[in-house]
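Working notes, beginning with the structure itself.
The values are calculated or read from the model by the stated rules, or taken from the named source; none is laboratory data. Computed from a prediction, not measured in an experiment: that's the story for all the values here. Here the Cβ positions follow ideal geometry from the backbone for every residue, glycine too, while neighbour counts run over all protein chains shown.
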Amino acid sequence: MILTVSDNLNSYVQFITVLIIFVFVLVITYFTSKWMAGYQKNKGLNSNVEMIESFRLTNNKYIQIIRVGQKYLAVAVGKDSVTMLTEIPEDQLLLSSDGNEGAHSFKELFEKVQQKSFLEKEDDRKKSE
C-alpha cells in the first residue's frame, strides 16, 4: 500500500517536472524568436536593397521588382539564376505608401472566411425552401 502511494507521488512529481521543463523550453523559444525577428528587422532597415513586389510565374520562377539604391529593377528569378530584365522608371510604378497593404491579420482573414461560410449556408437554405 505504501509503495503504491509512493509510486503515484513519484509519477506526479516526474510529470510536473517534465511539464515545467517543457514550458521553460517554450518560453526560451518564444523570446529567442522575438529577438531574432527584431534583429533581422533592424538589420534590413538601413539596407539599400528592397523587394517591392513579386509575381509567381511557375513553381520556381518569379518576376520581382526590386529597389537597389534609387533605381527600380525588374528581375527574373529562377531555381538557379537571377536575370535582370529591365530598369523601371519610378513614375511608372504604383507604389503604396504603406508597405503592409497586402498583409492581413489572422482575425480579419478568419472573419472573412466565417462570413463567406455563413453566406453560402444561407444560399443553400434558401435554395432548399
Among the residues in the stretch 58-69, are any aliphatic (A, V, I, L, M) and modelled with pLDDT under 80? no
Would you pick out the residues in the stretch 1-29 that are modelled with pLDDT of 95 or more and of a type in the set (F, W, Y)? F22, F24
Among (1) part of a helix (DSSP H, G or I); (2) surrounded by 10 or more Cβ atoms within 10 Å (Cβ to Cβ); (3) at pLDDT 85 or above, where does A76 come up short? (1)
